[in-house]
Amino acid sequence: MAAAAAVGLLALGACGNEQGTALFIGGERITETTVDGYVDESVERWGDPDQELYTYDLSGNRNSVVLIMIFSELGHAVGLDPVPGDDGLQTLINEYNTYTGEFFEQAEPRELTQAEMEAAVAAAATNENLANASLEDLQQLAGYTDDLNEYVEEYDISVNPRYGKLDLGPLPSVFPVEVPQR
């Protein structure tokens, strides 16, 4: 009986290590408290000062902050140059913009599969930017999303299910880059 209780306590302790975690990346644990702090900062900076905080739908803000944090942490993990700033949300946004650009530029273009080409044609019917994209643009996107998929696996990137399904790619209907939940 004591052994069963000890196993139960160990299992509970293991769950506790993951409780309150928003995301994992490269062995780092980012807490929900950290994400919530950036979400609060986003509302303070860009929200309507006359609207009560409890009336905001913050789910989109949370998902955006998690996405921004993934790229920021990934940039640090792969050794990209830090972006100077005050360590607040604006710095994370600057890192996101810088690092996504660098990842995109570093990617090796590749040929599209038949399924990707068909998905791109179908998506172009409702996406004006995609309709104006060249084959070279799509090949660069294919290489970029291949790299992102490799980073997700290599750096064991995962998110708390609270944040829903998260895709890192700019064109998920053609080149998915899903982040696993845990």
*asked:* For segment 37-60, check the following and say yes or no: at least one residue is modelled with pLDDT of 90 or more and not β-branched (V, I, T).
replied: yes
*If you scan segment 149-164, which residues turn out to be closer than 12 Å to L67 by Cβ and either of a type in the set (D, E, K, R) or modelled with pLDDT of 95 or more (or both)?*
I157, V159
_Test: A131 is modelled with pLDDT of 95 or more and more than 14 Å from the chain's Cα centre (by Cα)_ = no
_Count of segment 154-174 residues which are within 19 Å of L74 (Cα to Cα), in a loop (DSSP other than H, G, I, E, B) and among the hydrophobic types (A, V, I, L, M, F, W, C)_ = 2
*asked:* Can you pull out every residue in segment 106-130 that is open to solvent by 60 Å² or more (accessible area, probe 1.4 Å) and not acidic (D, E)?
replied: Q106, P109, R110, T113, Q114, A115, M117, V121, A122, A125, T126, N129
*asked:* Looking at segment 134-153, can you tell me whether even one residue there is in a loop (DSSP other than H, G, I, E, B) and not charged (D, E, K, R)?
replied: yes
*Assess whether P84 counts as being closer than 19 Å to V65 by Cα and either touching a strand residue (DSSP E or B) at 6+ places or on another chain (Cβ under 7 Å) or open to solvent by less than 60 Å² (accessible area, probe 1.4 Å) (or both).*
no
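The values are calculated or read from the model by the stated rules, or taken from the named source; none is laboratory data. Fair warning: this is a prediction, and the values are worked out from it, not measured in the lab. Here the Cβ is made from the backbone with ideal geometry for all residues, glycine too, and neighbour counts use every protein chain on show. Protein only, heavy atoms only, side chains kept; ligands, DNA and RNA dropped before computing areas. Shrake-Rupley method; radii C 1.70, N 1.55, O 1.52, S 1.80 Å.
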